[in-house]
Amino acid sequence: MDIQSETSRLLDEDEAEPPGLRSEREAYLSKVKNSNLYLATFASVLGPLSFGFVLGYSSPAIPDLTRTSDLRLTDAQASWFGSIVTVGAAVGGLLGGWMVEKIGRKLSLMFCSLPFVFGFTVIIAAQNFWMLLVGRVLTGLASGVTSLVVPLYISEMAHEKVRGTLGSCVQLMVVLGIMGVYLAGLFLDWRWLAICSSIPPTLLLVCMCFMPETPRFLLAQGKKREAEEALRFLRGPDAPIEWEWNRIEEACNEQSSSFHLKDLRDPGVYKPLLIGMVMMIFQQMTGINAIMFYAENIFEQAHFKESDLASVIVGLIQVFFTAVAALVMDKAGRKILLIISGAAMSVSTTAFGVYFYMVEASSQAAEGSHADLAWLALLSMAVFITGFALGWGPIPWLVMSEIFPLKARGFASAVCVLTNWSMAFLVTKTFQDMMNTLTSAGTFWLFACFCIANVIFTIAFVPETKGKTLEQIEATFRGTAGP
């Protein structure tokens with residue numbers, strides 16, 4: 001298996017592209033109007049916004065549930081409350097892979113809003129720990145479906161000029177949801193917080209009723225007239241869509257058969273699948289979900305008196321730099337942002353480990369000595385979140401939506417989502433155990449090692465997909481791209 005040679009070929013593809021084809025594409029894109037595309041993207045990313053509310057909910061809710069609530073969760077129960085959502089999300093990833101192929105991207109997105117709403121309703125009405133778990137599993141299930149469907153929906157709607165920016169909006173809305181629930185958690189208890197969290201998925205269901213299915217899926221289903229109408233809606237009335245239509249139709253005709261497991265022997269399937277899976281493993285092994293789930297607990301251990309406020313500051317940083325990444329994604333490219341991101345996270349997690357090591361070493365000293373080092377914990381967290389938001393937050397999901405061939409897109413995306421959420425469960429469930437066994441310092445140094453490995457893997461294997469159509473990327477992995 002020679003993934004490296006294919007990656008190098010993909011990096012050189014811009015230079016190999018005939019100037020005539022490039023000028024045709026530029027002439028076509030100059031007549032495209034993106035207003036409807038932006039509208040459809042906004043409707044779809046209400047799903048990741050809901051997903052963000054689910055991810056962030058445990059951070060303000062757990063202190064409330066363990067201290068002031070009549071349910072009074074134990075530490076073990078709180079750990080399950082924070083991590084069980086990832087189990088539901090892993091199952092949701094498998095379910096989403098089946099749904100996108102059977103009923104399409106649009107209907108899958110609409111249906112996933114239901115377990116969001118039902119899950120938060122169960123949490124609102126919870127009278128015991130088990131009801132809380134059921135609610136978290138349901139919202140996790142919806143999050144898993146959403147994390148698969150929305151990147152696919154956007155990548156199949158968008159053209160290559162804005163696909164990176166729009167694809168990055170998925171992660172931007174996730175972090176907006178996290179920040180929103182952190183802010184609301186300053187003023188609301190856990191039940192009212194669940195009520196607020198049910199609003200975005202309700203809006204998702206309503207808005208998606210008016211949006212189209214993706215042209216590629218409709219064409220793969222043999223619905224040519226509907227596919228052409230959807231493409232014309234997305235590109236505007238003045239765009240000569242025949243140029244793009246012919247390229248999409250040609251690619252769909254080449255993959256008229258459905259996916260079978262024997263297709264995993266095809267380099268055009270197994271090479272991008274391996275890259276996607278490893279990126280998902282590395283994303284979680286940075287420790288991001290563990291850090292976000294237990295943000296308030298981390299700041300309390302770092303001796304911040306206003307730990308909930310510190311979490312809000314972290315959320316604001318994440319939103320700002322995810323927005324920056326979205327703006328520069330189609331100019332800077334995916335690969336350079338991943339390298340910068342991994343380097344920043346490795347430095348910050350190393351510094352966080354140093355902070356905890358110094359605190360633990362001086363545990364017999366006065367508490368004031370801890371406060372003198374509190375700035376290091378906050379700075380380390382800020383740099384980590386900045387680095388993650390610039391690269392390893394949005395880009396693995398974006399690359400996942402770009403590199404898989406159409407016929408394997410549902411299966412391969414499901415495998416990647418399952419990998420991501422399985423790793424998320426493993427890291428979040430064992431995070432407190434790692435803190436106890438390896439010490440807080442050792443845990444963050446372990447995350448630092450994986451961040452360094454992220455950089456090495458990116459340099460060696462991750463392809464640059466900036467400015468390329470989905471069909472060009474697919475052709476490169478199949479080995480049929482130009483020399």
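Out of 138, 109, 148, one residue alone is hydrophobic (A, V, I, L, M, F, W, C), under 21 Å from residue 276 (Cα atoms) and in contact with a helix residue (DSSP H, G or I) (Cβ under 6 Å, 6 or more places away or on another chain). It is 148.
Selection of region 119-156 for residues being crowded, with 24+ Cβ neighbours inside 10 Å, in contact with a Lys or Arg (Cβ under 9 Å, 6 or more places away or on another chain), of a type in the set (Val, Ile, Thr) and more than 25 Å from residue 214 (Cα to Cα) yields only 123. Evaluated against (1) surrounded by fewer than 23 Cβ atoms within 10 Å (Cβ to Cβ); (2) more than 30 Å from residue 24 (Cα to Cα); (3) at pLDDT below 85; (4) under 18 Å from the mean Cα position of the chain (by Cα), residue 330 falls short on exactly one condition, (2). Taking interchain pairs and intrachain pairs at least six residues apart, which have beta carbon atoms under 9 angstrom, with the first residue in region 47-66 and without any contact (Cβ under 8 Å) to a residue 60 or more places away in the chain and the second of a type in the set (Phe, Trp, Tyr) and buried (at least 24 other Cβ atoms within 10 Å of the Cβ)? From region 47-66, no pairs qualify.
Comparison of 122, 117 shows that the only residue that is modelled with pLDDT of 85 or more, over 19 Å from residue 150 (Cβ atoms) and more than 18 Å from the chain's Cα centre (by Cα) is 122.
Residues that are modelled with pLDDT of 80 or more and not in a loop (DSSP other than H, G, I, E, B): does region 358-373 have at least one? Yes, the conditions are met somewhere in region 358-373. Restricted to region 431-483, and to residues that are of a type in the set (A, V, I, L, M) and under 30 Å from residue 81 (Cα atoms), which residue is nearest to the chain's Cα centre (by Cα)? It comes out as 448. Pairing residues of region 21-44 that are within 13 Å of residue 210 (Cβ to Cβ) with residues that are outside any helix (DSSP H, G or I), at Cβ distances under 6 Å and at least 6 apart in sequence or on separate chains, gives 40/211; 43/211. For region 91-105, filtering for residues that are under 22 Å from the mean Cα position of the chain (by Cα) and either more than 30 Å from residue 216 (Cβ to Cβ) or surrounded by fewer than 24 Cβ atoms within 10 Å (Cβ to Cβ) (or both) leaves 7. Restricting 61, 78 to those that are surrounded by 22 or more Cβ atoms within 10 Å (Cβ to Cβ), over 24 Å from residue 148 (Cα atoms) and modelled with pLDDT under 90 reduces the list to 61. Of note, residue 276 satisfies the criterion of being part of a helix (DSSP H, G or I) and small (Gly, Ala, Ser).
Here is a check on your reading of the model: is residue 250 surrounded by fewer than 15 Cβ atoms within 10 Å (Cβ to Cβ) and modelled with pLDDT under 85? Spelling it out, residue 250 is indeed surrounded by fewer than 15 Cβ atoms within 10 Å (Cβ to Cβ) and modelled with pLDDT under 85.
In region 257-272, the count of residues that are buried (at least 24 other Cβ atoms within 10 Å of the Cβ) and closer than 26 Å to residue 103 by Cα is one or more.
The values are calculated or read from the model by the stated rules, or taken from the named source; none is laboratory data. This structure is a prediction, so every number in the text was calculated from the model and none was measured. For neighbour counting, all protein chains shown are included, and Cβ atoms are generated from backbone atoms with ideal geometry for every residue, glycine included.
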